Amino acid sequence: MKKLLKIFSIVLFLTSVTNLLHAQKFGHLNTGNLLVQIPATKAADEKLKILQDSLVAAGQAHAKVAQEEYMAFAKEYQAGNIPPVEAQKKQAEFEKKEQELAQLEDDISNQLAQKRQELLGPILDQLEKAVNEVGKEGGYTMIFDTSVFNAVLFAKDSDDIEPLVKAKMGLK
């Protein structure tokens, strides 16, 4: 009798766990696809491209000037017109300019990253808010982002919530 009661308890427990697992609701969304459909994203990308082009052009101009100065120096040095002591000083100056160019490249990357965050941050916040609202309203346990490589290995029982998120964001 105790053995039968124990088996019944185990079966009851497994049944309740199975029911809980089946009661969970999963959704998926490709945020990459959705982001390109948001008009503000296109506008932000265009602004970033303009900024990037202008910063890169300025950086290339600095690099070109430095390269021309170095080539002129190298030509004069090879011709024997520059004494070794002065050549060492010039070499130190060129090393300093090389470091400045590397710093300029880092500054350009940082400026672009900061501007990207400034322009895309509000769009991503709006998207996150819409996903959270859809998740709560739809009773989802989890929503997976399928734009991330290998983030979802199996999605048979999940719902594509992109139309719901787009509706929340006022997109067609």
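The values are calculated or read from the model by the stated rules, or taken from the named source; none is laboratory data. All values reported here derive from a predicted model rather than from experimental measurement. A quick note on method: Cβ atoms are made from the backbone with ideal geometry, for glycine too, and the neighbour counts reach across all protein chains shown.
I'd like to verify a number: residues in the range 105-122 that are touching a residue at least 24 places away in the same chain (Cβ under 8 Å) and in contact with a Leu (Cβ under 9 Å, 6 or more places away or on another chain), how many? Result for the range 105-122: 7. Only one entry in Ala92, Ala102 is of a type in the set (A, V, I, L, M, F, W, C), within 23 Å of Gln52 (Cβ to Cβ), out of contact with any Cys (no Cβ under 8 Å at 6 or more places or on another chain) and without any contact (Cβ under 8 Å) to a residue 24 or more places away in the chain, namely Ala102.
Does Phe73 satisfy being of a type in the set (Phe, Trp, Tyr), over 30 Å from Met142 (Cβ atoms) and either at pLDDT 95 or above or surrounded by 10 or more Cβ atoms within 10 Å (Cβ to Cβ) (or both)? Full working, then the answer.
On the way: of a type in the set (Phe, Trp, Tyr): yes; over 30 Å from Met142 (Cβ atoms): yes; either at pLDDT 95 or above or surrounded by 10 or more Cβ atoms within 10 Å (Cβ to Cβ) (or both): yes.
Judged against the criteria, Phe73 is a match.
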